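Everything below concerns the one structure shown next.
The values are calculated or read from the model by the stated rules, or taken from the named source; none is laboratory data. Computed from a prediction, not measured in an experiment: that's the story for all the values here. Here the Cβ positions follow ideal geometry from the backbone for every residue, glycine too, while neighbour counts run over all protein chains shown.
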Amino acid sequence: MTERTATVSRDTKETQITVSVNLDGQGRLNGESGVPFLDHMLDQVARHGLIDLDIQAQGDLHIDDHHTVEDLGITLGQAFAQAIGDKRGIYRYGHAYVPLDEALSRVVVDFSGRAGLFMDVEFTRAAIGRLDTQLFWEFFQGFVNHAQVTLHIDNLKGFNAHHQAETIFKAFGRALRMAVAADPRMAGQMPSTKGCL
């Protein structure tokens, strides 16, 4: 299999972000976003997805975290789209249930070529640390729009907001890992009856 890596930069008046991904990595996160709890969540995605992520981000955090979080989702989605290429030979679908103590979340992803986010999560707190929990939706919407995936995120139970978020991001990493894995039975075939995705 050819190397599945990509580096994407996004430079706006609000943020300057560069993201590198290796879909066949060791699960390492390098760099930081400037938003500590988001970094903790991205570390979960890398570790549980066995994806290497390198992030360099400067954003207008003096205003709030919104632009940085959303633009990181966008840039990560663009990097995934480039790294995965034409999607031949992958499983395409991935899913995971992940618990953390009282919390349980399910994430299902389809590298369908169609952007769709369906997120059913009622966080029990408005913020985790300084991070507004509404911004998780912005992060995933940015990712979905630019990776061109269908993504379902459901928090099935949980009362600790940190646990809710962590189960979501761990499950997201595991679902990505499954979906982008090479399917030995597909061997270069397109995982779609249409012949393209």
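Does A126 qualify as being closer than 29 Å to G31 by Cβ, surrounded by 15 or more Cβ atoms within 10 Å (Cβ to Cβ) and modelled with pLDDT of 95 or more?
no
Residues are listed down the side, and each one gets a yes or a no for (1) aliphatic (A, V, I, L, M); (2) under 30 Å from G89 (Cβ atoms); (3) not in a loop (DSSP other than H, G, I, E, B):
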{"residue": "Q16", "(1), (2), (3)": "no, no, yes"}
{"residue": "D24", "(1), (2), (3)": "no, yes, no"}
{"residue": "D39", "(1), (2), (3)": "no, no, yes"}
{"residue": "D43", "(1), (2), (3)": "no, yes, yes"}
{"residue": "L53", "(1), (2), (3)": "yes, yes, yes"}
{"residue": "H62", "(1), (2), (3)": "no, no, no"}
{"residue": "G73", "(1), (2), (3)": "no, yes, yes"}
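What number of residues within the stretch 92-114 satisfy the criterion of being surrounded by 19 or more Cβ atoms within 10 Å (Cβ to Cβ), of a type in the set (G, A, S) and closer than 21 Å to K194 by Cα?
1
Kindly establish whether G142 is among the small types (G, A, S), in a helix (DSSP H, G or I), within 20 Å of L53 (Cα to Cα) and touching an Asp or Glu at 6+ places or on another chain (Cβ under 7 Å).
Considered against the rule, which asks whether it is among the small types (G, A, S), in a helix (DSSP H, G or I), within 20 Å of L53 (Cα to Cα) and touching an Asp or Glu at 6+ places or on another chain (Cβ under 7 Å), G142 comes out as yes.
Quick check on S112: is it over 13 Å from the mean Cα position of the chain (by Cα) and assigned to a loop (DSSP other than H, G, I, E, B)?
So S112 passes the test.
If you check T12, T68, T2, which single one turns out to be modelled with pLDDT under 95 and either polar (S, T, N, Q) or within 27 Å of V98 (Cα to Cα) (or both)?
Numbers: T12 fails: modelled with pLDDT under 95; T68 fails: modelled with pLDDT under 95.
Result of the check over T12, T68, T2: T2.
Pick out the one residue from A46, A103, A96 that is within 25 Å of P191 (Cα to Cα) and in contact with a Gly (Cβ under 6 Å, 6 or more places away or on another chain). Give the steps one after another, and end with the answer.
Numbers: A103 fails: within 25 Å of P191 (Cα to Cα); A96 fails: in contact with a Gly (Cβ under 6 Å, 6 or more places away or on another chain).
Answer to the selection: A46.
Quick one: what pairs do we get from the stretch 70-96, first residue more than 30 Å from K13 (Cα to Cα) and touching a residue at least 12 places away in the same chain (Cβ under 8 Å), second among the acidic types (D, E) and assigned to a strand (DSSP E or B), C-beta under 9 Å, 6+ apart or different chains?
From residues that are more than 30 Å from K13 (Cα to Cα) and touching a residue at least 12 places away in the same chain (Cβ under 8 Å), the pairs are R92/D110; Y93/D110; G94/D110.
Determine which single condition A175 fails, assuming it passes every other condition in (1) farther than 18 Å from Q44 by Cβ; (2) buried (at least 22 other Cβ atoms within 10 Å of the Cβ); (3) of a type in the set (A, V, I, L, M).
(1)
Among the residues of the stretch 1-14, which ones are within 25 Å of H66 (Cβ to Cβ), part of a strand (DSSP E or B) and of a type outside the set (G, A, S)?
Across the stretch 1-14, the qualifying residues are T7, V8, R10, D11.
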